[in-house]
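Any read-out appearing in this document is the output of simple, stated calculations on the displayed coordinates, not a laboratory observation. In this text, all values refer to a predicted model and were calculated from it rather than measured experimentally. Cβ placement follows ideal geometry from the backbone for every residue including glycine, while neighbour counts extend to all protein chains displayed.
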Amino acid sequence: MVLKTDLKDGATTVSDKVTKTTEGGQPRNGPTLTADARVTQTVLDWAKGQPTSTIQDPGGLAITEKATYDAAGRQISRSLPASTGSDAGTPITEYYSGDGTGVCAGRPEWADEVCRTRPAATITGGGSNPSHLVTTLAE
């Protein structure tokens, strides 16, 4: 990965990152063939250098995971395939802050460390199964 900083405005851009890979077997007698190919494509926010989505089998199934980041470049959510981004299929990561009130606030000694990971919403349509996923709290 190459980081480039514009000295005029301080903006950083990223280049030279791999955005698509193909893995598979290669027969000895057909070195130009790829058997059982598995393709993964990564979509990047080039200004931040962070992946915003990962797509497995982009030409077919397009199984997609999406990520969002805060202004500091920390991942704050990761939507699993088939998630809307505001349901139980999206874990939310919260970070400690040095000021304020609440579960993750007022801890300057842990500022910017992961505080907790929780689902974006409750589970719907699960029948008699529990409607809440686990919230993990780091202390």
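Quick notes on this structure:
- One decimal place: the segment VAL14-THR34 gains 4.2 nm when fully extended, by the rule 0.36 nm per residue minus the C-alpha distance.
- For THR52, residues with placed amide H under 5 Å, excluding near neighbours: VAL43, LEU44, ASP45
- Distance (nanometres) between label positions extended 7 Å along Cα→Cβ at ASP57 and ASP87: 2.0 nm
- Kirkwood hydrodynamic radius of the stretch 1-133, from the reciprocal of the average inverse Cα-Cα distance over all distinct pairs: 18.1 Å.
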